[in-house]
Amino acid sequence: MFTCEGIKSRKSCRVAALNVFSGNFTGSYASESRKEASCNQYLEAFSRRFGTLFPHRRQLFLLPKNEHGVEKFVCSTIRPTLMPYQELYAMDSLASFMCHFIQYEPLETVNEFPTVLPSPTQVLAWRVGDSFDLSVLLTSFLLGAGYDAYVVVGSAPSWICFRDESRSPSDRLEGCTHTQVMESATDPEVQSPKLRTPDATSSLSPSLNSLSWQETGLLHSWILVRGLKRDPLDLTFIEPTTGRLFTICNAPYLEIEAIWNNKNYWVNMQEYRAPVQRLDFDLSNTDSWEAILLNASRHGASGTSNMFGEESVAQPCKRAIDIPPSWVLKLELSRDSLQLRFPPDGHRTLFYQQSKLELFAEGVQPQGLASKLITYNDTLRTIAVEIREKFLHRRDKLLGRVRYVAECRVVEEFAPGRAFSLSRLTEVNGYRRTVEFYVSARQDGLVRRDDLIGCKIVEYFRGRADRLTYRAARTRSDPASTSGKPQFTLPNGESTGDLIVQKMTQKFSRPVYRVADRVMAKRCFYVQEGQIRSRYHYQNLHITRPACTHTKEPCDRHSSLSMSMGDSRGRTLHALQTATSRRSASVVVEVQDSPLIPEQTVVQPLLTSERDCLTDIRRSQLEALELLKLRRCEEADVVIEKPRLDPIPVPARGVSLVGLAPMRVADDHTDYLTPFLHAVEGLSAIGYAEAQRTRDQCLMSLKERLIERANIIMLRLSEENSKLAKKQAMFQRNQRENDPSAEEEFERICSEAMFRIHILEQRLASHEECALQKFQELDLKLSGRLLLG
């Protein structure tokens, strides 16, 4: 049988190829202790008795053979181990890592137990296994991390057994997350598994309920985690093939035959083929679960009857057998393996319902890509709708990117600390651009900038001293602006022409400590019409607010500035003022109640405000263009910051890890003669002249390094002597003062200096002694390798 990825079980081939490395294992892997032999005899008798009493049930999975053909109890195959990595401590992250790190393959024969259950150390070395291998390995790590975990044997649908995720929607890519499990655990129907009714199966998918057990039930193994030991959960199932977490109500599993961990083996004695949602998971209830091994004290305290119809107190010695210790060595996972995550090349591709997910290990993808999710519009995955990308360790602080293909829209998320305090950049190609910032990192309080390309620029602020919250500029493109360039223009990065400003708007927040009708709320600069309109905040208990309009009326020699003002009662006042020169209108922040305002108090603040508003908008436009230019340069030349740990070397595609001995590490050391061999493929093809030249260059290189090190030591020694001499001369010049504290300080300095000088002299002497010895050893080594007499 094959999985949906086209993988077939090759466990028998791996076991056969393992005989070459059989000497690398300790005796516990290839032998059987007395305690194991005694326990195995009892287990065989128990299995025969179980088959006699329950002929309609599948035989118990108690004594499978390991990779060396030795029968081992499944409970002793589990080796609880705590990994020294924080990312492998939580249940959900550990399950997610293992489902990708270990390549899944189906059982060799459907609905039959595997003939070989290898040790978890061997599964880590192979990095491939079936559901039983994955469950035993993951349970070992969960028990080491403090969880109450069990390996479950039962039946599951075929899409679970063959890891068919094509019907799973993309919003479940991460499985049932830890938060979702917590929410499900708070459901009263989930908290009381004993009170569940047969209607609990309605939570399963309709396709599963409509199929019979014979069509969907296949032999499978998964993990059960009982709560109240590390997390406030009731019951959680972990699917080892996908890393998903299921609560008891939404679990897709059909039935449970038995569970076990490193302490005992429990047989399900409840209704035959009962749904998982109707089972009682109280393992202390002997009417529901039959424990194979019990210690004498616990056994004697129990007065209930076992599955054989006998009282447990009657024959305590027959059942009081301790489980043998685990025969598996301590599990080890290197840091390089943890970083690789997706062996053998650090890349994994998963297919879901109308979506495809690509995962990359750190340091594998040159763009810093960690994951890429593509959502399609059809089941054949031909028309892409949305592309989600996540990045790591990029210098431009890019965290994620979402591309909406149909809308031509791109959304980029950035981490704090990058240039311009950029937080999010949303761009619709050629139409609109939205830039969001980290406000706490900017001095101008800019929150967001919306740019309707060529038409309007809007900026939102927060926390400014001048109470500015909104600033906008309405523009139009002028591609052929040559002579007679307008005064109000902005640079345009989309085309060669400039942007002509038609209107500028500012909005201000309302302060608490000032009268409302004297504080500006909104001002509009109508550049083309030559008007400025001002509105002020509403006063308390008023339904109208003051407003004024300034209109510029040019003439030959003078400019007249007409102003109409509205008071709080809605009346309009008119005035005519004369300006000494032709100027643009602007807004006065605070107006007086008098209908006629002197020229000096109105015109000059208007001009200043208009000029400042245009300057700020132009500066913001230049900053936006520079930001876009920087983003294009960053995308053209992506720089990945070196992580805290160097990225591991990724093996080439097609390199198989099957057949390697467990815990065997292939070290790839560079030959020290490589820099001195020119145009020579190997030492076997080297001639005498080339060998002599290589020997002389190698010895000369060593001699230069030894001399350089000696010079460094001598230079430091000379510097220390010079500093000490200067200190002594300074002390002798100041000796006339007879200061006791100065004498103590001088003695301390001299003591420290003499200590450093003594250490340097010892290093120099040791280096001189070892230099000749190193030179002679290298000469002999080169003569032997290069076959020089």
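The values are calculated or read from the model by the stated rules, or taken from the named source; none is laboratory data. Keep in mind it's a predicted model, so treat the numbers as computed, not measured. Using ideal geometry, Cβ is built from the backbone for each residue, glycine included, and neighbour counts are taken over all protein chains shown. All accessible areas refer to the heavy atoms of the entire protein, side chains included, with ligands and DNA or RNA removed. Shrake-Rupley method; radii C 1.70, N 1.55, O 1.52, S 1.80 Å.
Sort the following peptides by mean Cβ neighbour count (other Cβ atoms within 10 Å, averaged over residues), highest first: 155-167, 43-55, 612-624.
In decreasing order of mean packing, 155-167, 43-55, 612-624 become 155-167, 612-624, 43-55.
Is the shape of the stretch 335-452 best called rounded, prolate or oblate, per the rule: a/c under 1.5 gives rounded, else a/b larger than b/c gives prolate, else oblate, with a ≥ b ≥ c the square roots of the Cα gyration tensor eigenvalues? Oblate, since a/c reaches 1.5 and b/c is not below a/b.
Listed peptides 540-549, 497-506 appear in the order 497-506, 540-549 once ranked by packing, highest mean of other Cβ atoms within 10 Å at the front. A Förster distance of 51 Å, applied to the separation of the beta-carbon atoms of VAL512 and LYS263, puts the FRET efficiency at 0.15. Scanning residues 5 or more positions from LEU399 or on other chains, those with amide H under 5 Å from its amide H are GLU413, PHE414, ALA415, with H placed 1.01 Å from N in the peptide plane. A crude spin-label estimate for the pair THR115 and LEU399, with each label 7 Å from Cα along the Cβ direction, gives 5.3 nm. Per residue, the stretch 691-767 exposes 74 Å² of accessible surface when a 1.4 Å probe is rolled over the protein heavy atoms with every protein chain present. Taking 20 Å as the straight-line reach from the Cα of LYS507, the lysines in range (excluding those fewer than 8 positions away in the same chain) are LYS456, LYS522. In this calculation the C-beta distance from ASN540 to VAL639 is compared with R0 = 56 Å, giving a FRET efficiency of 0.50.
For the peptides 378-389, 421-432, 71-82, the ranking by packing is 71-82, 421-432, 378-389, with the highest mean count of neighbouring Cβ atoms within 10 Å listed first.
Taking 0.36 nm per intervening residue step and subtracting the Cα-Cα distance, what contour gain separates GLU271 from ARG733 on full extension?
Contour length minus Cα-Cα distance gives 156.1 nm.
Remark: the ARG48-TYR431 segment gains 130.2 nm on full extension, using 0.36 nm per residue and subtracting the alpha carbon distance. Full extension of the chain segment joining GLU623 with ALA419 gains 72.4 nm, where the gain is 0.36 nm per residue of separation less the Cα-Cα distance. Across the stretch 71-133, C-alpha contacts under 8 Å between residues 6 or more apart give a mean separation that, scaled by the residue count, equals a relative contact order of 33 percent. For the stretch 716-731, just list the computed ³J(HN,Hα) in residue order, Karplus coefficients 6.51, -1.76 and 1.60, θ = phi - 60°, integers in Hz, with x standing in for Gly and Pro. Per residue, the Karplus-derived 3J(HN,Hα) values read 5, 5, 5, 5, 5, 5, 5, 5, 5, 5, 5, 5, 5, 5, 5, 5 Hz. Derived scalar couplings between HN and Hα for the stretch 271-288 equal 4, 5, 6, 6, x, 4, 5, 9, 7, 9, 9, 7, 5, 7, 7, 6, 6, 9 Hz in order, rounded to whole Hz, by the Karplus curve 6.51 cos²θ - 1.76 cosθ + 1.60 (θ = phi - 60°), x for Gly and Pro.
In this structure the amide hydrogen of ASP478, modeled in the peptide plane, comes within under 5 Å of the amide hydrogens of ASP498, ILE500, none closer than 5 places in sequence on its chain. The phi torsions of the stretch 359-369, fed into the Karplus equation with coefficients 6.51, -1.76 and 1.60 and a -60° offset, translate into couplings of 10, 10, 7, 5, x, 8, 8, x, 8, x, 6 Hz, rounded to whole numbers, with Gly and Pro shown as x. With a simple spin-label model that places each label point 7 Å from the Cα along the Cα-to-Cβ direction, the separation between LEU772 and ARG230 comes to 6.2 nm.
As a calculated quantity, the FRET efficiency between GLU87 and SER38 at R0 = 56 Å, using C-beta atoms, amounts to about 0.85. Modelled label positions at TYR470 and ASP444, each set 7 Å beyond Cα in the direction of Cβ, lie 1.9 nm from each other. Taking amide H as placed 1.01 Å from N in the peptide plane, ALA258 has its amide H under 5 Å from the amide H of VAL153, ASN268, each at least 5 places away in sequence or on another chain.
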